[in-house]
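Here, each number is a calculation from the coordinates, and none is a lab measurement. Quick caveat, the model's predicted, so the values are computed rather than measured. Cβ: placed from backbone, ideal geometry, glycine included. Neighbour counts: every protein chain shown.
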Amino acid sequence: MQISTGLYFRRRLANGVFVTLSIAAALFGLVWLAFILGGLLVDGISALSPTLFTEMTPPPGSKGGLANAIGGSILMSVVAVVVGTPIGLFAGTYLAEYARYGKLSFVVRFVNDILLSAPSIVIGLFIYEVLVVPMGHFSGWAGAAALTVIVIPVVVRTTENMLLLVPNGLREAASALGAPPNFVIKLVTWKAARAGIMTGILLAVARISGETAPLLFTALGNTGWSWSPSAMNQPMASLPAVIYSFATGPYQDQQALAWAGALLITVTVLVLSIAARLLENQKRT
Amino acid sequence: MTDITLNESAALAERVATARSAGAGETRFRLMALSAAICVLVIFAGVIGSLIHGAMPSFKAFGLGFITTEAWRPTREIFGALGPIYGTLVTSAIAMIIAVPVGIGIAIFLTDLCPRILRRPIGIAIELLAGIPSLIYGIWGFFVFAPWFQAHVQEPVITALDGVPVLGSLFGGAPYGIGVFTAGLILSIMILPFISAVTRDVLETVPHVLKEAAYGLGSTSWEVMRKVCLPFCSTGVVGGAMLALGRALGETMAVTFVIGNAHRIEPSLFAPGTSISAAIANEFTEATSELYRSALIELGLLLFVITFIVLACAQLLLRRLEKAKGK
C-alpha cells in the first residue's frame, strides 16, 4: 500500500510537471509574439506620418519618406505575381490533373518543395548570375525576377493541394458529358478550387512583401522615382532593402523611417495572411 | 435525298472540325501545363548551375581548403569558409535545441490540454510568428532585444559563470548583446511555428481508440503522450524538425542584424560571429574583386547543398508519413 501510494504520487507529479511545461511552452511563444509586436508598435507608430507616402527616401541627416521604396516594392511584386502565378498555376495543374502519379511529377513535386524552403539569398545569387551580370547593372527587372522565383513554388504547392481536394466525381461527371480534359480543368476543377488558389496567391504576396535578401543584389536601391518606362531597367528601391540599409546606418532620422517601414510591412503581411485564412475558412464551410 | 446527305456531311465536317480544334486546344493546354512543370525543374537546375559557375574562380584558387580555412581577409584575397560554416551550424544547433522541445510542447498543449475556446486564438497567434518577415525579426532583435538581453541576461550569466570550467568559457567574454547566441535564440523563435504546426498535424492522426485505451488503463496525460502518441508520431516530428532546420540554416536577414558579422571562431557563444547567409548579405554588394565575389557565391553554393540535403531528408520522411496517412 505504501509503495503504490508512492508510485501514484510520482506519476501524478510527473504528469503535473508535464502539464506545466506544456503550458510554459505555449506562454513562451506568446510572450515573444507580444514582445515583437509591442516593440514594433512602440517604435513604428511614433515614426508614422503621411509624408512616408509622398516623399522620397532622404539622404542622411534630413527628413523624408519612403514613397519610392513603397512604389518599387509594389511594382516588383506586381510583376512577380503576374509572371509567377500563371506558371505556378499551370505547373500545379499538371501535377494534380495530368500526371498525378507520373515519374516527372514526382521529381517536380520534390524539387518544388525544396525551392519552397530554399534560402532566399541563394535565389538572389542565382538572379545576380543570370541577369545582373549579363545586363551589367542592377535593375528592377532583376528584383522582380528574383521575387518571381519565390512566388512560383508557393503557387504550385497550394494549387496542387487545392486541386487534390476537388472530388473526382466532378471530373468524371464533366468527362462523361464529353468535355476534353482542358475543359474539365478550366470549367470545373479550377472553379471548384478557386478560393484555395486565391489563398495561395495571397500567401505568395505575403511571402514576397517581406523578402529582403534576394533584392539586395538584384534591384539594389535608388533614391528617386521616375515614371519613365525604363524605370524597371534601372536599380530600384524596395521597402525591405531600404529598411535594411537605414536600420543598419547610424542616422536617427533614417532609423525612424526604417521602423515606420517595418511596421508597414508587418501590417501588410499580417493582413494578407488573415485574408488568406478567412478565404480558406470560407471555402471549407 | 441528296440534300439530306449534303447537310449531313456538312454537319459531320463541322463536328469533325470542332473536335479537331478541341483536340488542338487540348494539346496546347496540356503542353502549357507540362512546360510550366518543367519550368520548375529549369529554375532548380539554373540555381545549381549558376552557383557552380560563379563559384569556379574561388574553387580553382582555394580548392577544398576553402572549407577548412578560418582566415577571411578580403584585402589580401584570402578567403576561408570555416567561420561562416561554424556560425551557420552553431546558430542552427542553438535554435533546434530550444525550438524542438518548446515546439512539441506547444503542439501538445494545443491538441490535448488547451481549453477549447482558447485553442484557435492561441494557434493563430503561434502561426503569426511564422508570418512575420525575417527582416522584422532582425530589426527588432538589433534595436529592442539585443540591448535588453545584454543588460538582463548576458551580464548576470557571465558574472555567475565566471571561473566555472566549461560553461565559463562557453558563456564568457564581454556582453555585446549581439552575437552567435542571440542569433540562435531569435532563429529558435522563427522556426517554432514550423515545428509546432507539423507536430500538431501528426498528433491529430493518432487514432482516438489508442488514446482512449491508454486512458482506460488509468494512464496520466503524460504517460499517454510519452508512451502512445509520441512513438506513433515520431517520423512526423522528426520530419517537421528537419524542415525547420532547413529554414534555420538559410535564414538571412534576422541573423545578419544580430550576429555581429565577424569572421572568427570563438569559444564563447556570446561572442560575435557570422553565418554563411549573413556573410553573403553583408558583403556581396561591397565585394570589389572577382575572387571576393566568387568566394561569396561558393559560400552560397555550400549553403544550398547543406539545406538541400536537410530538406530532402525532411521531404522523404514527411512523404512517407503522408502515404501512411492515406492508407
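Grab the DSSP H runs of chain A that are 4 residues or longer, score each as -39,500 (n - 2.57), total them, divide by all residues and round the 222 nm result to the nearest 500 deg cm²/dmol. Display every interim value, and only then the final one.
Working: 10 runs with 192 residues, N = 285.
Helix contribution divided over all residues of chain A: -23000 deg cm²/dmol.
Restricting the calculation to alpha carbons of the protein assembly as shown gives Rg and Dmax of 27.0, 112 angstrom.
Out of all Cα-Cα pairs in the range B:157-311, roughly what percent, to the nearest whole number, are more than 26 Å apart? The partial results should precede the final answer.
Numbers: 5833 of 11935 pairs.
Considering the range B:157-311, 49 percent of its Cα-Cα pairs are separated by more than 26 Å.
Rule-of-thumb check for the range A:57-106: C-alpha Rg over 2.2 N^0.38 Å? Write down the numbers at each step before the final one.
On the way: Rg = 20.1 Å, N = 50, 2.2 N^0.38 = 9.7 Å.
Rg over 2.2 N^0.38 Å, computed on Cα atoms: 2.06.
In the distance distribution for the range A:148-285, Cα-Cα pairs more than 24 Å apart total 50 percent. Computed about its Cα centre, the charge dipole of chain A is approximately 1120 debye, with only Lys, Arg, Asp and Glu carrying charge at their Cβ.
With Cα atoms as the point set, the range A:89-233 shows a radius of gyration and Dmax of 18.7, 60 Å. What net charge is computed for the residues neighbouring residue A:270, neighbours being all others with C-beta under 14 Å from the C-beta of residue A:270, Lys and Arg scored +1, Asp and Glu -1? Surrounding charge for residue A:270 is +1.
Dividing the helix sum by the residues of chain B, where each DSSP H run of 4 or more adds -39500 (n - 2.57), gives a mean residue ellipticity at 222 nm of -24500 deg cm²/dmol.
Taking all Cα pairs closer than 8 Å and separated by 6 or more residues, the relative contact order of chain B comes to 26 percent. Partner aspartates and glutamates whose Cα lies under 19 Å from the Cα of residue B:60, excluding those fewer than 8 positions away in the same chain, are identified as A:129, B:70, B:77, B:290, B:298. Under 5 Å between amide hydrogens, built in the peptide plane, is the criterion, and for residue B:72 it picks out B:80 among residues at least 5 positions away or on other chains.
As a test of the definition: which semi-axes, in Å, follow for chain B when you take the square root of five times each eigenvalue of its alpha carbon gyration tensor? Largest first, please. Intermediate results must be reported in sequence, preceding the final value.
Numbers: eigenvalues 454, 245, 56 Å².
Ellipsoid half-lengths, sorted descending, are 48, 35, 17 Å.
Taking all C-alpha pairs of the range B:91-177, those more than 23 Å from each other amount to 46 percent.
Does the range B:232-327 come out rounded, prolate or oblate by the C-alpha gyration tensor, with a ≥ b ≥ c the root eigenvalues, rounded set by a/c under 1.5 and, if not, prolate when a/b is larger than b/c and oblate if not? List each step's numbers first, then the result.
On the way: a/c = 3.65, a/b = 2.06, b/c = 1.77.
Prolate shape, in that a/c is at least 1.5 and a/b is the bigger ratio.
I'd like the mean, over residues of B:214-225, of how many other protein chain beta carbons sit within 10 Å of each residue's own Cβ.
Numbers: counts 0, 0, 0, 0, 2, 2, 9, 6, 11, 4, 1, 3.
Per residue, the average neighbour count from other chains is 3.
Working from Cα positions, state the angle (0 to 90°, nearest 10) between the long axis of helix B:2-62 and the longest principal axis of chain B. Roughly 20 degrees, rounded to the nearest 10. Listed by number, the DSSP H helices of chain A that run 24 Å or longer by alpha-carbon position along their axis and have mean Kyte hydropathy of at least 1.6 are A:67-93. Normalised by the number of residues in the range B:1-138, the mean separation of alpha-carbon contacts (under 8 Å, six or more apart) gives a relative contact order of 8 percent. The protection proxy used here, the mean number of other Cβ atoms lying within 10 Å of each residue, ranks peptides B:120-130, B:15-25 as follows, highest first: B:120-130, B:15-25.
Across the cross-link table entries A:103/A:191; A:103/B:227; A:191/B:211; A:103/B:211, which are compared at the Cα atoms, the separations over 30 Å belong to A:103/B:227; A:191/B:211; A:103/B:211. Dipole check for the protein assembly as shown: with +1 at the C-beta of Lys and Arg, -1 at the C-beta of Asp and Glu, and the Cα centre as origin, the magnitude is about 1740 Debye.
Note: chain A, Cα convex hull, 228 Å³ per residue.
Shape of the range A:8-117 from its Cα gyration tensor (a ≥ b ≥ c, root eigenvalues): rounded if a/c is under 1.5, otherwise prolate when a/b > b/c, or oblate?
The shape class here is oblate.
For the segment B:122-134, counting C-beta atoms of other chains within 10 Å of every residue's C-beta and taking the mean gives 6. Oblate is the label for the range B:25-157, because the ratio a/c of its alpha-carbon gyration tensor axes (a ≥ b ≥ c) is 1.5 or higher and a/b is not greater than b/c.
Other residues with beta-carbon under 15 Å from the beta-carbon of residue B:300 carry, at +1 per Lys or Arg and -1 per Asp or Glu, a net charge of -3.
Would you work out the relative contact order for chain A, in percent, from Cα pairs under 8 angstrom that are 6 or more residues apart? All intermediate terms of the calculation are to be shown ahead of the outcome.
Details: 368 pairs, mean separation 74.9, N = 285.
That works out to 26 percent.
Electrostatic tally near residue B:71: other residues with Cβ closer than 12 Å to its Cβ, Lys and Arg +1, Asp and Glu -1, net +1. Averaged over peptide B:25-35, the number of partner chain Cβ atoms lying within 10 Å of each residue's Cβ comes to 6.
Restricting the chymotrypsin sites (Phe, Trp or Tyr not before Pro) of the range A:62-105 to loop positions (DSSP other than H, G, I, E, B) with no more than 12 neighbouring Cβ atoms within 10 Å leaves A:101.
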